[in-house]
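The values are calculated or read from the model by the stated rules, or taken from the named source; none is laboratory data. Being a predicted model, the structure only gives us computed values, none of them experimental. Neighbour counts run over all protein chains shown; Cβ positions are idealised from the backbone, glycine included. With ligands, DNA and RNA removed, areas are computed over all heavy atoms of the protein, side chains included. Shrake-Rupley method; radii C 1.70, N 1.55, O 1.52, S 1.80 Å.
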Amino acid sequence: AGPGDSELITLKAIKLLSKADVVLYDRLVADEILNYARKDAIKINVGKVKDLHRYQQEEIGELIKKYALQGNVVARLKGGDPSIFGRLDEEIEAIADLKIPYQIVPAVSSAIGAAAYACIPLTARNVARAVRFLTIYKNDLAHDEYWQDLAKTDDTLALYMSSHHLGLITDNLIKFGRDSQTPIAIIEQATTKFQKTYVTSIGDFKKDFGDKKFISPSLAIIGDVVKTHQKFKWQEEDLVGTYFADLKARNID
């Protein structure tokens, strides 16, 4: 389904969604996207929020298996891209042994969408040659060697599902040698009309945003590439409206 903006879903996904008898969808899938499904299709929200799961992962797998074995065309509609922190392998495993045919439709990932709409290039010549997609949604997921590796790299870090632990993350990056002036951007509800981007340095994060509860979904980007946001940002400003208002003020048709 892509990262939020309903226009970022692919044509292939729309085509397949329109054929589905059953749609199992995430909570972040835009309503406009669900409109592409048949009106008579069974639609089940299997989305998860922190500490509140309507269905456990095993139950989602059982739903996929149940409806597929009944002969239905089942669409598992994921937010972002299914292959990046989307439990793709676990959900395929639910039907793999049953010899039921399936296909995977790639999508705009949350990190790609968030970065583009915040005007942050995830890689940039002479700044960052690579980007790492990672998640630290629990404070015990990283050990000292891992922090040392993250602290010394010039790669852009794109952190999924980690907004509750950004204080820990910024502290550890500095502790293990990352420059405290390294920029960090936290992007809430990326690619939607509610998008907000907060920018500071990892050294100032706790002072600026230590007490803030970021709205889910939030994605953090750490690295010097973040510096382009203030210069080129476009999504959170009505640039088109401003442009035409300026033309009108100058009496230009």
Exercise. Residues in segment 211-220: is at least one more than 14 Å from SER162 (Cα to Cα) and either part of a strand (DSSP E or B) or open to solvent by 10 Å² or more (accessible area, probe 1.4 Å) (or both)?
Worked result: yes
Seminar exercise, completed: Per the filter on segment 45-62, residues out of contact with any Ser or Thr (no Cβ under 9 Å at 6 or more places or on another chain) and either of a type outside the set (D, E, K, R) or open to solvent by less than 40 Å² (accessible area, probe 1.4 Å) (or both) are ASN45, VAL46, GLY47, LEU52, HIS53, TYR55, GLN56, GLN57, ILE60, GLY61
Seminar exercise, completed: Going through segment 33-91 in order, the residues found to be more than 20 Å from the chain's Cα centre (by Cα) and hydroxyl-bearing (Ser, Thr, Tyr) are TYR36, TYR55, TYR67
Seminar exercise, completed: Looking across segment 103-128 at residues that are among the hydroxyl-bearing types (Ser, Thr, Tyr) and not in a helix (DSSP H, G or I), the single one that is surrounded by the most Cβ atoms within 10 Å (Cβ to Cβ) is SER109
Problem set entry | Scan of segment 1-44 for residues that are part of a strand (DSSP E or B) and either buried (at least 20 other Cβ atoms within 10 Å of the Cβ) or at pLDDT below 95 (or both), ordered by number | GLY2, VAL22, VAL23, LEU24, TYR25
For this session: Sort through LEU150, LEU159 and tell me the only one that's over 30 Å from LEU24 (Cβ atoms), of a type outside the set (Asp, Glu) and open to solvent by less than 20 Å² (accessible area, probe 1.4 Å).
Result: LEU150
For this session: Evaluate the following for TYR67: is it of a type in the set (Phe, Trp, Tyr), surrounded by 15 or more Cβ atoms within 10 Å (Cβ to Cβ) and not in a loop (DSSP other than H, G, I, E, B)?
Result: yes
Seminar exercise, completed: LEU166 vs (1) under 17 Å from LEU141 (Cα atoms); (2) open to solvent by 10 Å² or more (accessible area, probe 1.4 Å); (3) over 14 Å from the mean Cα position of the chain (by Cα): all pass except (2)
Exercise. Any chance segment 93-102 includes a residue that's touching a strand residue (DSSP E or B) at 6+ places or on another chain (Cβ under 6 Å) and either β-branched (Val, Ile, Thr) or open to solvent by 60 Å² or more (accessible area, probe 1.4 Å) (or both)?
Worked result: no
Exercise. Among the residues of segment 134-145, is any more than 30 Å from ASP5 (Cβ to Cβ) and open to solvent by less than 40 Å² (accessible area, probe 1.4 Å)?
Worked result: yes
Exercise. Across segment 74-92, what is the number of residues that are in contact with a helix residue (DSSP H, G or I) (Cβ under 9 Å, 6 or more places away or on another chain) and exposed (fewer than 14 other Cβ atoms within 10 Å of the Cβ)?
Worked result: 1
Exercise. Would you call LYS193 charged (D, E, K, R), part of a loop (DSSP other than H, G, I, E, B), under 27 Å from GLU59 (Cβ atoms) and open to solvent by 50 Å² or more (accessible area, probe 1.4 Å)?
Worked result: no
